[in-house]
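Each reported figure results from applying straightforward, stated rules to the coordinates on display, with no laboratory input. The shown structure was predicted, so the numbers you read here are calculated from the model rather than taken from an experiment. Neighbour counts are summed over all protein chains in view; Cβ atoms, including those assigned to glycine, are modelled from backbone coordinates with ideal geometry.
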């Protein structure tokens, strides 16, 4: 069962929390719902959230479908494919991110063109 509902423009996805970063996950859960105008960077969207957490088990290369927190920008990121930092087909963040959730099906994001309004709420 999904923990999160993520609306990106007219597209809706669901995601489930991971256990990789419990402190960051709990901080984001407490801040829900969060929303904002997202910037697209390759096959990644990111937008600012009202959370300020240090890196927790952070890494640059993440799986397709990762929902991650980017500490330098206090941003939530959605990854569904390669980014300009990628060296292969794996998503790669500009700098280490903390993975907090996984999209159940990231394929609907492939149709997102440019910037989009994103809203993340509890499912």
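Below is a table of values for the structure above.
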{"read-out": "Simple spin-label estimate for residue 119 and residue 14 in nanometres, 7 Å along Cα-Cβ", "value": "1.8"}
{"read-out": "Cα-based convex hull volume of the range 44-111 per residue, rounded to whole Å³", "value": "82"}
{"read-out": "Three-way shape label, the chain, alpha-carbon gyration tensor, a/c 1.5", "value": "rounded"}
{"read-out": "Inter-label distance for residue 55 and residue 95, nm, one decimal - labels placed 7 Å from Cα along Cα-to-Cβ", "value": "0.8"}
